[in-house]
Amino acid sequence: QVQLVESGGGLVQAGGSLRLSCAASGRTFSSYTMGWFRQAPGKEREFVAVLTWSGGSTSYADTVKGRFTISRDNARNTLYLQMNSLKPEDTAVYYCAARFRSFGLGVNGYDYWGQGTQVTVSS
């Protein structure tokens, strides 16, 4: 079982930055591929970024590529999402999610989810 708790969301002006954190419970965090997803009002939850359990592979949605960076600290059981050059269209609830030793971008492939943290970007 893995429990995930996101933090770091807030209100920021367009062009600003935020860093989201996701604290994971359990001693096997390093065995999980970790992803960030987001859901805007009235829209489906969508993939943002993923990082494999080894940290060797990453993938980003085209809409955030070059602006967002996913990283992890296995010693601290924490996942991060550095978000730069934020745009109003990045406004959403951001979720971290975990899947055991497999790689994927789809929402349905993840077994554990956090409660989400709100990110609001004003124009």
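The values are calculated or read from the model by the stated rules, or taken from the named source; none is laboratory data. What you see is a predicted model, and the numbers here were worked out from it, not measured in a lab. All Cβ positions, even for glycine, are placed from backbone atoms using ideal geometry, and neighbour counts span all protein chains on display. Side chains are part of the model used for accessible areas, which takes the heavy atoms of the whole protein and leaves out ligands, DNA and RNA. Shrake-Rupley method; radii C 1.70, N 1.55, O 1.52, S 1.80 Å.
Values as computed for the structure displayed
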{"quantity": "Some residue of the stretch 36-48 being open to solvent by 20 Å² or more (accessible area, probe 1.4 Å), modelled with pLDDT under 95, under 16 Å from Asp111 (Cβ atoms) and not acidic (Asp, Glu)", "calculated": "no"}
{"quantity": "Contacts under 6 angstrom Cβ, first residue in the stretch 93-113 being charged (D, E, K, R), partner in a strand (DSSP E or B) and surrounded by fewer than 23 Cβ atoms within 10 Å (Cβ to Cβ), 6 or more apart", "calculated": "Arg99/Thr33; Asp111/Arg99"}
{"quantity": "Residues of the stretch 49-59 classified as of a type outside the set (S, T, N, Q) and open to solvent by less than 60 Å² (accessible area, probe 1.4 Å), total", "calculated": "4"}
{"quantity": "Residues that are open to solvent by 30 Å² or more (accessible area, probe 1.4 Å) and outside any strand (DSSP E or B), drawn from the stretch 10-26", "calculated": "Ala14, Gly15, Ser17, Ser25, Gly26"}
{"quantity": "Residues that are crowded, with 16+ Cβ neighbours inside 10 Å, modelled with pLDDT of 95 or more and either touching a helix residue (DSSP H, G or I) at 6+ places or on another chain (Cβ under 7 Å) or over 18 Å from Gly114 (Cβ atoms) (or both), drawn from the stretch 60-82", "calculated": "Tyr60, Ala61, Val64, Thr69"}
{"quantity": "Checking Thr78 against (1) touching a residue at least 24 places away in the same chain (Cβ under 8 Å); (2) β-branched (Val, Ile, Thr); (3) more than 24 Å from Gln1 (Cα to Cα), the condition it does not meet", "calculated": "(3)"}
{"quantity": "Count of the stretch 39-60 residues which are among the small types (Gly, Ala, Ser) and free of Cβ contacts under 8 Å to residues at least 40 places away in the same chain", "calculated": "5"}
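A quick yes/no check of all residues on (1) charged (D, E, K, R); (2) more than 15 Å from Leu81 (Cα to Cα):
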{"position": "Gln3", "(1), (2)": "no, yes"}
{"position": "Gly15", "(1), (2)": "no, yes"}
{"position": "Lys43", "(1), (2)": "yes, yes"}
{"position": "Val48", "(1), (2)": "no, no"}
{"position": "Thr63", "(1), (2)": "no, no"}
